[in-house]
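Report on one structure; see the data block that follows.
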Amino acid sequence: MSMLLTAVAAVLFIAIGGSLFRVVRGPTLWDRLAGVALIGTKTLILLVVAGELSGQPEMFTDIALAYATIGFLGALVIAKYFEGSSSKS
């Protein structure tokens, strides 16, 4: 089971690298925002996998939940910012 989880973690790292490429290279702001959201989601999954690998899934799940909450609030702030900037035009 740990071999499978290690392989999943490796695939997630590669996928995060691909999303990071989209953040850096994205032609539009929306591509970059989507890349950041993908990195956040993959990081959550990686935290849960790391918890299973370390034998402490409860602790890592709590960290993942806190990270998800911060990411959600960040998305709300960004959406509110763009809503305000688009209504001024």
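Please treat every number below as a calculation from the coordinates, not as lab data. Since the structure is predicted, the reported quantities are computational estimates derived from the model, not experimental observations. FYI the Cβ positions are ideal-geometry reconstructions off the backbone, even for glycines, and counts take in every protein chain you see.
Counting only C-alpha contacts under 8 Å and six or more residues apart, can you give the relative contact order of the chain as a whole percent? The value is 23 percent. Projecting label points 7 angstrom from Cα along Cα→Cβ for residue 6 and residue 37 puts them 3.5 nm apart. Go ahead and run the numbers for FRET between residue 24 and residue 62, Cβ-Cβ distance against an R0 of 22 Å, rounding to 0.05. So the FRET efficiency works out to roughly 0.10.
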